[in-house]
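This report concerns only the one structure given below.
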There are 2 protein chains.
Amino acid sequence: MVEHNAARLDDTFHALADPTRRAMLRSLSLHERSVGELAAPFQMSLAAASKHIKVLERAGLVRREVKGRTHVCRLDAAPLSDIQEWLRYYEQFWGERLDMLEALLRADTPTPPSAPTPRKKGRLR
Amino acid sequence: MVEHNAARLDDTFHALADPTRRAMLRSLSLHERSVGELAAPFQMSLAAASKHIKVLERAGLVRREVKGRTHVCRLDAAPLSDIQEWLRYYEQFWGERLDMLEALLRADTPTPPSAPTPRKKGRLR
DNA sequence: GTTATGTTCAACCATGGGGTTGAATATAGA
DNA sequence: TCTATATTCAACCCCATGGTTGAACATAAC
């Protein structure tokens, strides 16, 4: 129940905390791409893009196959699934919030705002 | 459809890319906590813990209410919901991967899929 | 008022991140 | 073989991050 693979989560979250890298993932979700192709949309050196790709690889989000002189990169979404798993625990909290909203919308009697609605374990989704 | 609030995602992902901060979130998911209570489990200075909390606040994951001399922190899971939203796009890929696996397991024969037949040397891709 | 408690602030340090450039490596093609 | 293409490597720069310490601030308690 406690975070088992913390370092893994560290790497994945860190990899995602950069717009360039997220854009690369998005690109890879359409086609597999060479390093050069991945780097093309960004105005940064190829070396810089290469570093980004390495960060994605370290997080397990990208796999690389060397084909002659070009390196072909493919998306591997598995770590994203791990993140979603991690997030699942917190779903109850926005679920709970939605329940409170629902309760507010449903309350035709104007309850004073100083009295917060007691949290009740609500149904999720 | 394109990432609208990239900076927001940056902050949230970055906040989550640290085990101390994730542990703090987990703690806040149980009770609201003062800064001191949040810091207690970790062997780092209070100042360091305070910085972590600030990172969480910057990402909108924690809200703080100053009550006398103690600062009470509460979880706000909304940014996590944004992340889940961002992840949703990629669900197709682990879904797709499962589909491909299923297809591989099922489609060893050139005959229609209804025939459960012994295997044949399958070329991948 | 004085003291104790809860928290931040400021300065500092070490490390790593994201960027650059220029050279090195490996392969494809003439 | 010679050259062009694809990519990495190494060195460097600047700045953010995560940690420290000691002082400052605000409030509670005596």
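Laboratory data are not the source of any read-out in this text; all were calculated from the coordinates shown. The model shown is predicted, which means the values in this text are computed figures rather than measured ones. A quick note on method: Cβ atoms are made from the backbone with ideal geometry, for glycine too, and the neighbour counts reach across all protein chains shown.
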- Item | Neighbouring partner chain Cβ atoms per residue of B:80-90, average, 10 Å criterion | 5
- Item | Computed magnitude of the charge dipole of the range A:1-107 (debye, nearest 20; Cβ of K, R +1, Cβ of D, E -1) | 640
- What are the residues whose amide H is under 5 Å from the amide H of B:SER34, where those residues sit 5 or more places off or on another chain and H is modelled from the backbone? B:CYS73
- Given a cut-off of 17 Å, what percent of all Cα-Cα pairs of the range A:1-107 lie beyond it? 59
- Note on the structure: Diffing the range B:17-22: the Karplus 3J(HN,Hα) column from phi (6.51, -1.76, 1.60, θ = phi - 60°), in whole Hz with x for Gly and Pro, holds 7, 8, x, 4, 5, 5
- Note on the structure: Residue-ordered couplings for the range A:75-80, obtained by feeding phi - 60° into the Karplus form 6.51 cos²θ - 1.76 cosθ + 1.60 and rounding to whole Hz (Gly and Pro as x), are 6, 10, 7, 3, x, 5
- Under the Karplus relation with 6.51, -1.76 and 1.60 and θ = phi - 60°, whole-Hz ³J(HN,Hα) for the range B:30-38, x at Gly and Pro, equal 8, 9, 6, 9, 6, 4, x, 5, 5
- Item | Sorted by Cβ density within 10 Å, fewest first, the residues A:ARG26, B:ARG22 | A:ARG26, B:ARG22
